[in-house]
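The values are calculated or read from the model by the stated rules, or taken from the named source; none is laboratory data. Keep in mind the model is a prediction, meaning the values are calculated, not measured. All Cβ positions, glycine included, derive from the backbone under ideal geometry; neighbour counts span all protein chains shown. All accessible areas refer to the heavy atoms of the entire protein, side chains included, with ligands and DNA or RNA removed. Shrake-Rupley method; radii C 1.70, N 1.55, O 1.52, S 1.80 Å.
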Amino acid sequence: MTTLDEIFDLIAKGIKADPTIAEKVKGSFLFKINQTSGPALAWLLDLKTSPGTVTKTDGKADVTITTSEESFMQLVSGKLSGQQAVMQGKITLAGPIAMAMKIQQIFAAAKPKDLPAKAASGSNNAKTEASQQNPLEWGGPPTVPSSLSSIFEQIKKKIESTPSLSSINGSFQFRITTSQGQETWIVDLKKQPGTVKRGEEKADCTISMKQEDFVSLMLGTLNGMDAWTKGLLKVEGNMGLAMKLQSLKISPDSKL
């Protein structure tokens, strides 16, 4: 089986061969990987200046990615997409959301032809599939790696730092469908400074959405009216209050 050292060596070779990657990313990433047996390991990818460096060390970075060796290898072999890993809680990220979205470009730095065939364990079919795609692909367009708790934490911070939001004068109940089931959150803006908490209680307006759509809505990449028209957002209760949802959206530069 391909080792962690071999994988990061491939990433290092990829970013060295293509200096434009660092020019596009302009940030740093710390991968903290918990081994199946043995101490946790860390790799620091510094792409603030071209061509960038990959160092086996701990340190400060714009974005920190924490995962297990098993989950990381599943990402590498193509058995697990980045979106699935985030939604299933197999990866934890900390740092600016906009920068975290650039992880895709770093993983794409290791070309399929460079990855040893042994990275894809299992049947010959599995090896063939791995050789036909980028094994470090996150599985589609870059997605925002984010948990619901981190999104609502940012909403809470925005409410606390923006007194004018108290003019909304209403409460929301968010019913969010995740890969693990459903989470319910309350955002109450009836009294300043407002409260954000996980749980279920009576609210003026209830919003039901899938997690990925809710994240897009809060980051401003999905318009509320468009979401409602397409059936991605369901509203119960005060429709006028639902129209004020856009006031709660957070900046892509917010930190997870």
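Determine the alpha carbon to alpha carbon distance for each of 190/249; 24/156; 157/230; 102/210 and list only those over 26 Å. Beyond 26 Å between Cα atoms: 24/156; 157/230.
Phi angles across region 187-194 convert, under the Karplus curve 6.51 cos²θ - 1.76 cosθ + 1.60 with θ = phi - 60°, into 3J(HN,Hα) values of 10, 10, 10, 6, 10, 6, x, x Hz, Gly and Pro given as x.
What ranking do 56-63, 197-204, 9-16 get when scored by the average of other Cβ atoms within 10 Å per residue, highest first?
Taking the mean over residues of other Cβ atoms within 10 Å, the ranking is 9-16, 56-63, 197-204.
Database remark: amide H of residue 2 closer than 5 angstrom to the amide H of 119 (H placed geometrically; neighbours at sequence offset of 5 or more, or on other chains; Pro and chain starts carry no H). With the simple model of a label 7 Å out from the Cα in the direction of the Cβ, residue 166 to residue 201 spans 1.8 nm. Per-residue SASA remark: residue 228, around 120 Å² accessible (1.4 Å probe; ligands, DNA and RNA not included). Summarising the amide proton neighbourhood of residue 80: residues at separation of 5 or more, or on other chains, whose placed amide H is nearer than 5 Å comprise 75.
Remark on residue 27: its backbone amide H falls under 5 Å from those of 47, 48, a criterion applied only to residues 5 or more positions apart or on other chains, H modelled at 1.01 Å from N.
Estimated at the nearest 10 Å², the accessible area of residue 210 is 110 Å² with a 1.4 Å probe.
Using unit Cβ charges (K, R positive; D, E negative) and no other charged atoms, how large, in debye to the nearest 20, is the dipole of region 160-256 about its Cα centre?
Details: 12 positive and 11 negative charges, 19 e Å.
Here region 160-256 has a charge dipole of around 100 debye.
Other residues whose C-beta falls under 14 angstrom from the C-beta of residue 164 contribute a net charge of +1, scoring Lys and Arg +1 and Asp and Glu -1.
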